[in-house]
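Notes follow the structure.
The values are calculated or read from the model by the stated rules, or taken from the named source; none is laboratory data. Not measured: the values here are computed from a predicted model. Glycine gets a Cβ as well: all are built from the backbone with ideal geometry, and neighbour counts include every protein chain shown. Only protein heavy atoms, including side chains, enter the accessible area calculation; ligands, DNA and RNA are left aside. Shrake-Rupley method; radii C 1.70, N 1.55, O 1.52, S 1.80 Å.
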Amino acid sequence: MIRNFYKRISTRVDTAFESIPPQVNMENLEIIFSGPKNVQVKISSFALNKRYYNTAPDARHLDGRFQPKGISRKLVAEKQLTIDVGNFTMVADLQTDTPSTTVTAKQLTLKLSRGKDENNGISYDLETNTHDLTLHNSKVSNQQAFACDLGMMLYAKPDLEGFHIDRQSSFHLNNLRFPFYLDHFYRENDIIELGVNLVSCQMEDILKSFQDFSTQSLYRSSFSGTLGFLSRLRFELTNSFKREFEIKLDNNLRILDHGGADYSYLKQPFVHTVYDGDIAVKSINLDSGNSFFLPLDKISADLKKVIICTEDPHYYTHKGIDSEAIFLAMASNIKSRKLSRGASTITMQVVRNLFLYHRKNFQRKIEEVILTWYLEEVFSIGKDRILEIYLNIIELGPGIYGVQEAAYFYFDKPANQLTLTESLALAYIIPRPKFFLEALKMNSPKLRKNLTAHILHNSKVMLKKDIISLEEFENIQYKITFAPGLGELNLTVAEATVTGS
């Protein structure tokens with residue numbers, strides 16, 4: 001439970017404050033944890049000296065020096081640390097290394113305090129700032145280093161009703177400032193409310209904060225106006241259907257100079273080159289000269305309806321960014337306490353496939369959002385054309401791109417002859433193009449279960465939204481015959497209903 005997670009944090013902070021020994025001196029200490037991570041920490045010297053003062057009962061002061069030397073992990077921090085009655089301040093130069101991450105900072109400041117409010121309730125304040133922070137981590141940036149100034153002020157308070165992070169809390173990334181708050185009400189149906197805002201800023205502030213975009217023309221462009229937003233998410237952990245999400249954009253950005261970028265060519269036939277890293281592996285002609293190219297009006301209505309429903313249900317009503325999808329992703333990630341769900345729209349997927357690398361990280365997502373704005377609002381690439389591009393370049397298997405090539409490969413027929421079940425099966429492949437074929441050849445039980453659940457769930461959604469009729473829903477076949485050599489799948493609805501996907 002999330003509430004137990006908060007309690008564990010609170011307990012550990014209290015224990016840390018109360019457990020500092022009067023004196024500690026360590027020389028040549030070596031700690032080794034055997035296991036999958038094989039962590040080794042070697043400390044050459046560690047010294048603490050806690051002094052008590054008569055002027056303030058329970059007041060404490062701590063001087064310390066920490067100089068560890070490690071093999072797989074190391075921390076270098078040599079500054080004074082001061083502690084007073086549950087208040088902790090540390091200033092240090094920092095360097096850490098792990099197998100996946102390296103962090104350096106010329107100055108790290110950390111202040112943590114524990115206090116009591118007027119009702120004798122416990123509260124915690126955390127303030128942290130770093131200057132000239134350099135981070136090497138593939139989940140943040142595709143480049144070797146991501147450099148920034150980063151800081152946060154957090155004011156937290158647990159009580160009998162729940163856990164709260166005050167609305168005065170905020171974090172900053174260089175010149176970008178994000179006020180935020182969190183309320184988790186335990187006794188009120190386990191409700192979580194989260195708010196995150198971006199204080200109005202110029203595009204130059206965003207570009208200075210993310211200096212490793214692969215689209216270099218962004219840095220040559222000039223802009224006017226500002227961008228900001230207010231967002232609020234409220235939902236019940238026990239009932240995800242009871243939810244509220246709103247986002248208010250303050251956006252009057254205008255592009256004065258495109259910096260040499262011109263995406264208007266997407267309105268005409270063009271050649272898309274698929275890369276594996278830096279190696280070109282395939283060229284796709286988006287014109288009638290390519291036997292696998294399908295104009296949008298030649299693609300079956302069932303297939304278009306299915307893919308829009310499964311990939312981007314609000315495709316024709318948003319401008320490239322879907323706030324409802326963002327809400328669902330945030331709620332799902334909060335409930336699971338991990339980043340397990342994204343919010344990419346069809347336009348964002350087109351941007352990623354045409355212009356960006358496929359490795360998932362934070363900086364690529366920001367660039368993806370900016371280029372989505374370029375396509376839909378700056379260069380006014382129409383929705384039908386974006387969908388047409390998507391359906392002709394989307395990866396659907398090893399070396400298989402576009403729905404026409406995929407239809408022939410998997411079902412030995414053109415895309416405009418696919419049944420509703422076959423269209424749903426093709427849509428299932430989109431998030432997992434590199435794994436579906438192998439699972440199909442193995443007749444994987446997990447594939448049968450997950451594909452059945454996918455067809456059952458999405459057909460119910462389409463029925464509820466009147467995308468398909470009751471007759472079409474009742475006639476969905478759960479026996480799928482694939483092209484010669486690929487076999488068939490006999491799917492069992494009962495299995496998916498009982499075990500889930």
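Matching residues to (1) part of a strand (DSSP E or B); (2) surrounded by fewer than 16 Cβ atoms within 10 Å (Cβ to Cβ); (3) aromatic (F, W, Y); (4) in contact (Cβ under 8 Å) with a residue 40 or more places away in the chain:
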| site | (1), (2), (3), (4) |
| --- | --- |
| L256 | yes, yes, no, no |
| A261 | no, no, no, yes |
| L266 | no, no, no, yes |
| T273 | yes, yes, no, no |
| A280 | yes, yes, no, no |
| I284 | yes, no, no, yes |
| G289 | no, yes, no, no |
| F293 | no, no, yes, yes |
| L303 | no, no, no, yes |
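Would you point out which residue out of N443, N450, N361, N416 is on the phi > 0 side of the Ramachandran plot and among the polar types (S, T, N, Q)?
Unique residue meeting the criteria: N443.
Taking segment 440-458 only, how many residues are among the aliphatic types (A, V, I, L, M) and open to solvent by 20 Å² or more (accessible area, probe 1.4 Å)?
Going through segment 440-458 one residue at a time, the tally reaches 2.
Every residue in segment 147-206 that is in contact (Cβ under 8 Å) with a residue 40 or more places away in the chain, under 30 Å from L256 (Cα atoms) and of a type in the set (S, T, N, Q), please. Step through it out loud before you land on a result.
At the first step, the residues of segment 147-206 found to be in contact (Cβ under 8 Å) with a residue 40 or more places away in the chain are 147-148, 157-158, 162-163, 184, 186, 189-194, 200, 203, 206.
After this cut, where a residue has to be under 30 Å from L256 (Cα atoms) as well, the list is 147-148, 200, 203, 206.
S200, the sole residue that qualifies.
Looking at segment 162-179 only, could you name the residues that are at pLDDT 90 or above and open to solvent by less than 30 Å² (accessible area, probe 1.4 Å)?
I165, S169, S170, L173, L176, P179 - these are the residues of segment 162-179 that are at pLDDT 90 or above and open to solvent by less than 30 Å² (accessible area, probe 1.4 Å).
Would you mind stating whether L233 is modelled with pLDDT under 90 and either of a type in the set (K, R) or touching a helix residue (DSSP H, G or I) at 6+ places or on another chain (Cβ under 8 Å) (or both)?
Spelling it out, L233 is indeed modelled with pLDDT under 90 and either of a type in the set (K, R) or touching a helix residue (DSSP H, G or I) at 6+ places or on another chain (Cβ under 8 Å) (or both).
If a residue must be in contact (Cβ under 8 Å) with a residue 24 or more places away in the chain and touching a helix residue (DSSP H, G or I) at 6+ places or on another chain (Cβ under 6 Å), how many such residues does segment 427-448 contain?
Count: 5.
Evaluate the following for D183: is it of a type in the set (D, E, K, R), at pLDDT 80 or above and open to solvent by less than 30 Å² (accessible area, probe 1.4 Å)?
yes
Which pairs do you get when a residue that is under 15 Å from S141 (Cβ atoms), found in segment 359-377, comes within reach of a residue that is open to solvent by less than 10 Å² (accessible area, probe 1.4 Å) and at pLDDT below 85, reach meaning Cβ atoms under 7 angstrom, with the pair 6+ apart or on two chains?
Matching pairs, first to second residue: N361/S141; Q363/S141.
Regarding segment 218-238, can at least one residue be identified that is surrounded by fewer than 16 Cβ atoms within 10 Å (Cβ to Cβ) and over 29 Å from S141 (Cα atoms)?
Yes - at least one qualifying residue is present in segment 218-238.
Out of segment 209-267, which residues are of a type in the set (V, I, T) and touching a strand residue (DSSP E or B) at 6+ places or on another chain (Cβ under 7 Å)? Show your work before the answer.
Keep residues of segment 209-267 that are of a type in the set (V, I, T), which gives 215, 226, 238, 247, 255.
Passing the criteria: T226, I247, I255.
Quick check on my filter: what residues within segment 459-491 are of a type in the set (D, E, K, R) and either open to solvent by 90 Å² or more (accessible area, probe 1.4 Å) or in contact with a helix residue (DSSP H, G or I) (Cβ under 8 Å, 6 or more places away or on another chain) (or both)?
K460, K464, K465, D466, E471, E472, E474, K479 - these are the residues of segment 459-491 that are of a type in the set (D, E, K, R) and either open to solvent by 90 Å² or more (accessible area, probe 1.4 Å) or in contact with a helix residue (DSSP H, G or I) (Cβ under 8 Å, 6 or more places away or on another chain) (or both).
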